[in-house]
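Since every read-out is calculated from the coordinates, none of them should be taken as a lab result. Bear in mind that the values here come from a model prediction, so they are computed numbers and not experimental data. Using ideal geometry, Cβ is built from the backbone for each residue, glycine included, and neighbour counts are taken over all protein chains shown.
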Amino acid sequence: MKKLFPICRSITGNGVRKTFEIIQDYMPLEVCECPSGTECFDWTVPDEWNIESAYIENEAGERIVDFADNNLHVMSYSEPVSGVFSLAELKEHLYSSSDQPDVIPYLTSYYKRRWGFCLTDKQKRSLPEGNYKVEIKSTLEPGALTYAEAFIPGKSEEEIFFSCYVCHPSMANDSLSGVVLNVFLYNYLKDRKDNYYSYRFVFVPETIGALVYLSNNKDRVLEKTKYGLVLTCLGDEGAFNYKRTKFGSPLDTVVENVLKFSGCEYNAFDFALPGSDERQYCSPGFNLTVGSLMRSCYGFTEYHTSADDLNFVTEKGLRGTYDMYCKIVEALEGNYLYRNLKPYGEPFLSKYELRDTVGAPKFIGDDLKILLYILSYSDDNHSLIDIAEKMDVSILDVIRVAETLEEKGLIQKLRIG
Ligand code: ZN
């Protein structure tokens, strides 16, 4: 995250390419370029934007605003400009946030040509009358939109995808925390043995990139996608926030079960708009089963400002999120429907060393109860998440006990739930 944070990214341009170059030290990526002018559903890939430098100088020749100090100082997609402007003329191109006078806001103008500088409201108000020299050395010309993906095949062709967006400049929690988590999830799943699902890791510029991705992979996405999660806002230490899938699904039940028994504070709410790329993934033509598990939901105080930086995101926050996602993966991978192989009465548990003959149960308390439930409900109709929910226990505990019963030959996997 420290390596990626300083890069000036946008929906197109060399910042995204540089980001993928760095990520490729940690995971392989298939990088794709979609030319400007390409039509994707109702949208058109815009010209590519790149920026070299930008500043505002006062009459004394002092650089009072400099892109080199903070890439948020330039409105993303600013067209090039070079000239001298009066304060009144300049102010038409200055953006600040009166609600938060000490931070630089993050602003973009992808689809209307303009130029602008973003600065703290405090600084904007303190500018004296006079003439200001302004320069933005940027280019806006036909090029490409860059996105990337990686794939880990599993036993099944059914796919779970993790999607993050790579279009924000120096924004740590919004955008970049999702990018970093995606890299670590790839590595977790690459090392994991016997994955049932196939996994796809998608890195796209938000909105237009998701649309390009969907347009280029429409048939496969529609045919193979089982579940998806949009990764963003994952690095702070706030409570978890889960945005459910549009129509409800076992994914929601699994995620909420894992959250409930994790001991962490959380909140779950129904699919809502606006949001991030779930807007595209869940548009009626796709209606994919996609949720989004965040920490502090977008709209937190630091959101889209210079305060969303490497101090706001913490190692503890990111690590806690990574652990939560790994648990969700384990829960999805372990959520089978089993068949009871001794369905006529309960099996004689002590024969299988599942219970001591002296009456001190080997599985005591909760585990014994879970064991009895699994045996009773392994009837071709109930998956382990159904059993966990019926009992109000963690699916991860149910999976652990089911694995023991399977080893003992008492139940057998039928299919994934
Ligand atoms: Zn954002």
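Things to note:
- Residue order, fewest to most beta carbons within 10 Å, for TRP115, TRP49: TRP115, TRP49
- Proximal charge balance of GLU59 [Cβ under 12 Å; K/R count +1, D/E count -1]: -2
- Rounded to the nearest 20 debye, dipole of the range 1-113 from Cβ charges on Lys, Arg, Asp, Glu: 240
- Every helix of 4 or more DSSP H residues in the chain counts as -39500 (n - 2.57), and over all residues that averages to -8500 deg cm²/dmol at 222 nm.
- The Kirkwood radius of the range 128-240, taken over pairs of alpha-carbon atoms, gives through the Stokes-Einstein law at 20 °C and 1.002 mPa s a diffusion coefficient of 132 µm² s⁻¹.
- Hypothetical label at GLN412: residues of the range 312-349 whose amide nitrogen lies under 15 Å (7 Å Cα-Cβ projection): 337-344
- Per the Kirkwood formula applied to alpha carbons, the range 1-158 shows a radius of gyration over Rh ratio, Rg over Rh, of 1.07.
- Dimensionless Rg ratio for the chain, taking C-alpha atoms and the 2.2 N^0.38 Å reference: 1.18
- Relative contact order of the chain, pairs being alpha-carbon contacts under 8 Å that are 6 or more residues apart, as %: 15
- Cross-link table LYS193/LYS260; LYS155/LYS413; LYS369/LYS390, entries beyond 18 Å C-alpha to C-alpha: LYS193/LYS260
- For the range 1-137, the relative contact order comes to 25 percent (Cα pairs under 8 Å, sequence separation of at least 6).
- An oblate overall shape is assigned to the range 267-347, the ratio a/c of its alpha-carbon gyration tensor axes (a ≥ b ≥ c) being 1.5 or greater and a/b not exceeding b/c.
- Short-range pairs are left out: with C-alpha atoms under 8 Å and at least six residues apart, the relative contact order of the range 247-342 is 35 percent.
- Residues ASP392, ASP66, sorted so that the one with the fewest Cβ neighbours within 10 Å comes first: ASP392, ASP66
- An oblate overall shape is assigned to the range 97-145, the ratio a/c of its alpha-carbon gyration tensor axes (a ≥ b ≥ c) being 1.5 or greater and a/b not exceeding b/c.
- For SER296, the amide hydrogen comes within under 5 Å of the amide hydrogens of ASP236, GLY238, counting only partners 5 or more places away or on other chains and with H modelled in the peptide plane.
- Charge tally for PHE41 (other residues, Cβ to Cβ under 15 Å; Lys, Arg +1; Asp, Glu -1): -2.
- Less than 5 angstrom separates the built amide H of THR305 from those of TYR106, all sequence-distant by 5 or more or on a different chain.
- For the range 74-129: rounded, prolate or oblate by the Cα gyration tensor [a/c cutoff 1.5]: oblate
- Net charge dipole size for the range 295-417 [Lys, Arg +1 and Asp, Glu -1 on Cβ; Debye, nearest 20]: 440
- Under a 5 Å amide H cut-off, with hydrogens placed 1.01 Å from N, THR225 pairs with GLU159 among residues at least 5 apart or on other chains.
- Pairs beyond 22 Å (Cα-Cα), from LYS91/LYS137; LYS226/LYS316; LYS342/LYS408: LYS226/LYS316
- For VAL183, VAL84, order by how many other beta-carbon atoms lie within 10 Å, fewest first: VAL84, VAL183
- log10 of Debye I(q)/I(0), alpha-carbon scatterers only, for the range 235-377 at 0.15, 0.18 Å⁻¹: -0.88, -1.09
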